[in-house]
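No value in this document is a laboratory result; all are computed from the given coordinates. All of these numbers come straight from a predicted model, not from anything done at the bench. Note that each Cβ is placed from the backbone with ideal geometry, even for glycine, and that neighbours are counted across all protein chains shown.
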Amino acid sequence: MKNDVVLGISAFYHDSAAAVIKAGVIAAAAQEERFTRIKGDSSFPHHAIDYCLQAGGVSIEDVGYIVFYENSVDKFERLLTSAHMTAPKSIRSFWAAMPKWLTGNLWMENLVSKELGVKKRKILFCGHHMSHAASAFYPSPFEDAAVLTIDGVGEWSTATYGIGQGNAIRLEKELRFPNSLGLLYSAFTYYTGFKINSGEYKLMGLAPYGEPRYADLICEKLIHINADGSIILNQLYFDYTFGVKTINKRFEALFGKPARMPESPITRHDMDIAASIQKVTNDVILKMALHVKKETGMKNLALAGGVALNVVAMGKLLRESGFERIWIQPAAGDAGGALGAALFVWYGMLGKKRSAEPGDSMQGSFLGPEISLNGKRDNELLKKLGGVWTTPKESELPGMVARLIADGKIVGVARGRMEWGPRALGNRSILGDARDKEMQSRMNLKIKFRESFRPFAPMVLDEDVDKYFDAGAESPYMLFTFPVLESRRLAYEKDSEDMIKTVNQPRSDIPAVTHLDYSARVQTVDAARHPFMYAVLSQFKKMTGCSVIVNTSFNVRGEPIVNTAQDAYRCFMATDMDYVVIGGRLFEKSKQKNRQFDRKEQKEWLGRFELD
């Protein structure tokens, strides 16, 4: 058995995670944050490892190989070289980092051995971008494909491309630090007042409110874009090679204002900055993809790396890159490196035979812990929290949820195995009526407690996607934006100063999921991957004639997606959700013993989570 089990680990930067491969099948994968309730938790993923082993029915002794998602020696070499090249400016940050590296991270083999109580001979390493590439290609539905990885930085690489064929991946070219599209985008995330490694989604969501007035300036002063999509960044404007900040005073002077303070009002300047960097990002990624297609001659493309989560750019690739099919790893960021590293050992090092599956081998990305339909332990814990519920027949529950949504109710759903990756796909989701023009602001302000400008994603029956969106492909993992069909659009007036006034104007007949540029981050739902949500949508369609509902992750701002039944109930009670399904249990807010957390309880719950 031992050689049939591989444990992959990512840790110590952000989004620590674990994944277990058993006889070539993904048995489990999960992020540490879901267990510790610390957003982006970077600590050693003990909880995620314990879960993955348990879900795979194995112990740590049964594991044949443990593989870490990057090479610590190569990463340390980059840190030393960067510090040397930028001295004396780098001295402060260099000395701050050295204790951790010299006592722990540099000796990763020893650290992993000690944390897990295993022999060092079991421990292997996979390059950061090879981990990304493996996570993209091996679970994909392609027998062969071009592979493109783009992120901030891993060891020295910031982007790579190559070819995957059968069970082998060959990376052919790389873009090297400090030239990084991911770090450039993060610099603008910081400049617009959002948190790096979590606020990039906000920057992307803000972009359609502005105009790309600064795109030419960015290309003139900050970045040189080559014909093949490779880039050179002007380091005069950045501090990330030696400091704790990403940008400097020159950067701020270039755009005429200092960096926005977090939580301060968003201005027209911030909107235009967001629109500008998004345009530049789109252009660079498209050039990269076109070059990769030309060089590899492949008709399929597999992607991973944090930048692959930029759904706007991915939607543009789908429409303009010339690839026949594109597949993106649902956990494309560093968490996905744990899965990629494990897959690389199984296929790339052990040489196991690989046969691509028709959809993919991700099992709908439902690879995390399961909430029981009506298990005794969860029942006892929910009763202790004051929960009062009914247990409808499983066959009747989808219709009940559909009716509640059609009646304007907001319904949380936490059942089955938790999603792998940053997107909630229906097992840890909050649902609402996409036809309701007030749903976006209501969900943002009363449920998620986040900025009102942030868009929501639509869930749509797979067979009906072309009735609402210019899709041309399935999108089961919510990783592409599609334009809303022109026949469904409504004219609206973009207010240059009043963001709320703009948000509240309907832009289509599914206004809750239509962004300002008439785009939507679509999730297509099929019966094979998600029978429960497929049934909910089918019932909703029968009732309303509409196949689209709102889907957002089951959490509040700054909170990781809920994991357990207790997490779900507490979040339900701390917000203005009307109903929640936890396993096979249906809870109505008005019938709970506490009705709702009092102000103190709500404040304590929300205060647990650092704003993103």
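List, in order, the whole-Hz ³J(HN,Hα) value for each residue of region 450-461 obtained from phi through the Karplus relation with A = 6.51, B = -1.76, C = 1.60 and θ = phi - 60°; use x for Gly and Pro.
9, 4, 5, 6, 6, x, 10, 9, x, 9, 9, 4
Rounding to the nearest 20 debye, state how big the charge dipole of region 41-108 is about its Cα centre with +1 on each Lys and Arg Cβ and -1 on each Asp and Glu Cβ.
580
Rounded if a/c is under 1.5, else prolate if a/b is larger than b/c, else oblate: which is region 65-224, with a ≥ b ≥ c the root eigenvalues of its Cα gyration tensor?
oblate
Is the shape of region 312-401 rounded, prolate or oblate, going by the alpha carbon gyration tensor and its root eigenvalues a ≥ b ≥ c, with a/c under 1.5 for rounded and a/b larger than b/c for prolate?
prolate
Once you've got the Cα coordinates, tell me which of LYS173/LYS352; LYS279/LYS446; LYS75/LYS120 are over 27 Å apart.
Distance filter (> 27 Å) returns LYS279/LYS446.
Determine the relative contact order of the chain: mean sequence separation of Cα pairs under 8 Å and six or more apart, normalised by residue count, in whole percent.
15
If r is the Cβ-Cβ distance from LYS173 to SER487 and R0 is 45 Å, what FRET efficiency results, to the nearest 0.05?
Efficiency, from the Cβ-Cβ distance: 0.55.
Mean separation of Cα pairs under 8 Å and 6+ residues apart, divided by the residue count of region 366-607: what relative contact order is that in percent?
The normalised contact order for region 366-607 reaches 31 percent.
Quick one: Cα centre-to-centre distance for region 473-515 and region 47-117, in angstrom?
43
Mind checking which of ILE232, LEU303, MET288 is farthest towards the positive end of region 175-327's charge dipole, using Cβ charges of +1 (Lys, Arg) and -1 (Asp, Glu) about the Cα centre?
LEU303
Which option, (i) 37.3; (ii) 27.5; (iii) 25.9, is the value of mean projected area of the Cα convex hull in nm² that was calculated from these coordinates?
(iii)
Relative to the present Cα-Cα distance, how much length would full extension add between ASN594 and LYS542 at 0.36 nm per residue of separation?
15.2 nm
Can you list the residues, at least 5 places off or on another chain, whose amide H is less than 5 Å from the amide H of GLY416, using H built in the peptide plane?
ILE371, GLY583
Ranked from highest to lowest mean number of other Cβ atoms within 10 Å per residue, what is the order of the peptides 245-252, 136-143, 521-528?
Those peptides, ordered most packed to least, come out 136-143, 521-528, 245-252.
Using the Cβ atoms and a cut-off under 11 Å, what net charge is assigned to the surroundings of VAL548, where Lys and Arg are +1 and Asp and Glu are -1?
Value of the local net charge: +1.
Which net charge results when you count Lys and Arg as +1 and Asp and Glu as -1 among the other residues whose beta-carbon is under 9 Å from that of GLY166?
Summing Lys and Arg as +1 and Asp and Glu as -1 gives 0.
Would you work out the charge dipole size for region 366-607 about its Cα centre, treating the Cβ of every Lys and Arg as +1 and the Cβ of every Asp and Glu as -1, and quote it to the nearest 20 debye?
About 980 debye.
Quick check: from the Cα gyration tensor, does region 270-356 come out rounded (a/c under 1.5), prolate or oblate?
Here region 270-356 falls in the oblate category.
Under 18 Å Cα-Cα from LYS591, which lysines qualify once same-chain neighbours fewer than 8 residues away are excluded?
Straight-distance partners of LYS591: LYS383, LYS384, LYS409.
Starting from the Cα of LYS119, draw a straight line to each of the lysines and keep only those under 18 Å, dropping any in the same chain fewer than 8 residues away.
List returned: LYS2.
Test of understanding: ordering THR267, THR390, THR149, THR281 by Cβ neighbours within 10 Å, fewest first, what list do you get?
THR390, THR267, THR281, THR149
Picking from SER16, ILE38, VAL6, whose Cα lies most toward the positive end of the charge dipole for region 1-78 (charges on Cβ: Lys, Arg +1; Asp, Glu -1)?
Working it through, the farthest residue towards the positive pole turns out to be ILE38.
Around ALA28, which amide H atoms from residues at least 5 apart in sequence, or from another chain, sit under 5 Å from its own amide H, with H modelled in the peptide plane?
The answer is VAL20.
Below 16 Å, Cα to Cα, which aspartates and glutamates can LYS22 reach? Residues fewer than 8 away in the same chain don't count.
ASP4, ASP50, GLU61, ASP62
Magnitude of the Cβ-charge dipole of the chain, K/R +1 and D/E -1, about the Cα centre, nearest 20 debye?
1140
Taking neighbour counts of Cβ atoms within 10 Å as a proxy for exposure, in what order, fewest first, do PHE242, PHE68 appear?
If I rank by nearby Cβ atoms, fewest first, I get PHE242, PHE68.
Taking θ = phi - 60°, what integer Hz values does the Karplus form 6.51 cos²θ - 1.76 cosθ + 1.60 yield along region 98-103, in sequence order, with x for Gly and Pro?
Each residue's phi maps through the Karplus curve to give 4, x, 5, 6, 6, 9 Hz.
Rounded to whole Å, give me the distance from the Cα center of region 276-330 to that of region 173-230.
Rounded to whole Å, the Cα centres lie 16 Å apart.
Per-residue HN-Hα couplings for region 514-525, Karplus 6.51 cos²θ - 1.76 cosθ + 1.60 at θ = phi - 60°, whole Hz, x for Gly and Pro?
With coefficients 6.51, -1.76 and 1.60, one gets 9, 7, 5, 8, 6, 9, 8, 8, 8, 10, 8, 10 Hz.
Quick one: which residues, 5 or more positions from ASP436 or on another chain, have an amide H under 5 Å from its amide H? H modelled 1.01 Å from N in the peptide plane, none for Pro or chain starts.
The answer is ALA512.
Label-point separation (nm) for SER43 and ASP74, each offset 7 Å from Cα along Cα-to-Cβ?
In this crude label model, SER43 to ASP74 measures out at 3.0 nm.
Which one of MET499, GLY584, SER519 is farthest out on the positive end of the charge dipole of region 366-607, using unit charges on Cβ (Lys, Arg +1; Asp, Glu -1) and the Cα centre as origin?
Of the listed residues, the answer is GLY584.
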